[in-house]
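Working notes, structure below.
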Amino acid sequence: MSLFAAVEMAPRDPILGLNEQFNADTNPKKVNLGVGVYYDENGKLPLLRCVAEAERQMLEAPKARGYLPIDGIAAYDLAVQGLVFGADSEVVKGKRVATVQALGGTGGLKIGADFLKRLNPSARVLISDPSWENHRALFTNAGFQVGTYAYYDAENRGIKAEAMLADLQEAKAGTVVVLHACCHNPTGYDLTPAQWTQVVEVVKARGLVPFLDMAYQGFGEGIAEDGAVIQQFLAAGLDFFVSTSFSKSFSLYGERVGALSVVCASSEEAGRVLSQLKIVIRTNYSNPPTHGAQVVATVLSTPALRSLWEEELAGMRTRIRAMREALVTELKAAGVEQDLSFVTRQKGMFSYSGLNATQMQRLRGEFGIYGVDSGRICVAALNPGNLKAVAAAMAAVIK
Ligand code: PLP
């Protein structure tokens, strides 16, 4: 008998499965809104000008590719800290943050999860209901029991803030709480600053361990605005985790550029935490790759490239907002009467459209418009060329 005779076929990733279905669809008017990717107004994945320029400069002075330190490029880690916490913040200046380069935001989450498992093997993890689908799998694979806290309020198109606080209030001390720092995936609904204040209070009072997932900094309101929640956790004097992803904000999906930062009580403690994070990395993939992080470090630390990046990021953010407004206008024009203001209240790339699974399946089958059965659509995949058709199809299945 073969060694692998008993291996079961794993279930298909639902979103990748949707992409395969999309690729096989022969409808010339098909639109893929199932993706978690920003496309420009021509429906293309952008290569940011700041990235192309940094790469040009890097090519002009080509370097051999030695192994990087286990925690990555030092200038990159510093640039991440500046972006996430503020270069002049007390925690960065006081060296209270342990930051390591990671393989995308997913890599940052996984390093954090493995470290937390060693630190407190019996802790539970709570994720939002619903959450990015990989959160549950990733923390489960790291050995945790994963539960949820209330989040999406389907009836009122928003967040069940009271129920969320009640769930956190009930959690045992040491429970790891995964929070979306901004641009909640998949719903698009973010907590208000006042609601964040309440979350911070409960987390502090109950002795929970906050793990902020920041995969979309700059896609919501702005770089500083989206990072404001970090300042609230700092002000509360908490120790916490932040995973960073540059996949979206630099359009560098395939380069796997991200980071994990752990805020500690002292620089001496941060040194010990860093040494443990390095063991997690060393025993998984030894050390990170060079190219993407070098691009990001170059852009963030070169003033002209940094302002170009901020301009390009603002362009992506503004285009997404404009598409939200335009979708509402087109849906109304197509005869949808219900209140659609929730679409423009949502932040980031995604919208929980309120459509149910049957309606999403009709969108696919009858109109070639692909979104996730949960009703999630990627607003960043809308453009002037497909907007009217999408709105007309959505209106047809809503009515
Ligand atoms: N966290 C959230 C909430 C996400 O939506 C994503 C990507 O879609 C990630 C993490 C992972 O980011 P990366 O592609 O950089 O691993």
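Label-to-label distance, His291 versus Thr192, with points set 7 angstrom from Cα along the beta-carbon direction: 4.6 nm.
Projecting label points 7 angstrom from Cα along Cα→Cβ for Gln145 and Thr302 puts them 5.2 nm apart. For Lys399, a cut-off of 16 angstrom between C-alpha atoms picks up these aspartates and glutamates, skipping any fewer than 8 places away in its own chain: Glu330, Glu337, Asp339, Glu366. Averaged over residues, the count of other Cβ atoms within 10 Å places the peptides 119-125, 164-170, 207-213 in the sequence 207-213, 164-170, 119-125, highest first.
Dividing the mean sequence gap of close Cα pairs (under 8 Å, 6+ apart) by how many residues region 81-143 holds gives a relative contact order of 25 percent.
Straight Cα distances below 19 angstrom link Lys29 to the lysines Lys44, Lys388, with same-chain residues fewer than 8 positions distant left out.
In terms of other Cβ atoms within 10 Å, Ser261, Ser245, Ser374 run from fewest to most in the order Ser374, Ser245, Ser261. Counting every other Cβ atom within 10 Å of each residue's Cβ, Trp309, Trp196 order from fewest to most as Trp196, Trp309. Based on Cβ point charges of +1 for Lys and Arg and -1 for Asp and Glu, what charge dipole magnitude is obtained for the chain about its Cα centre, in debye rounded to the nearest 20? It comes to approximately 520 debye. Placing +1 on the Cβ of every Lys and Arg and -1 on the Cβ of every Asp and Glu, with nothing else charged, gives region 246-399 a dipole about its Cα centre of roughly 160 debye.
Note on Lys347: lysines with a C-alpha under 17 Å away, same-chain residues under 8 apart excluded, are Lys160, Lys248.
The mean sequence separation of alpha-carbon pairs under 8 Å and at least six residues apart, normalised by the residue count of region 22-121, gives a relative contact order of 15 percent.
The sum of -39500 (n - 2.57) across all DSSP H runs of n ≥ 4, divided by the residue count of the chain, sets its helix-only mean residue ellipticity at 222 nm to -14500 deg cm²/dmol. Long hydrophobic helices in the chain: the complete DSSP H runs spanning 18 Å or more by Cα along their own axis with mean Kyte-Doolittle hydropathy of at least -0.5 are 104-119, 193-206, 267-282, 303-333. Going by neighbour counts of Cβ atoms within 10 Å, the residues Tyr253, Tyr370 line up, fewest first, as Tyr253, Tyr370. Put the Cα centre of region 332-399 next to the Cα centre of region 193-220 and the gap is 29 Å.
Model label sites at Glu155 and Leu45, defined 7 Å from Cα along the beta-carbon direction, differ in position by 4.2 nm.
Quick note: the coordinates plus some simple rules give every number you see, no bench work behind them. Given the structure is predicted, the values throughout are model-derived calculations rather than measurements. Note that we place each Cβ from the backbone using ideal geometry, even for glycine, and neighbour counts take in every protein chain shown.
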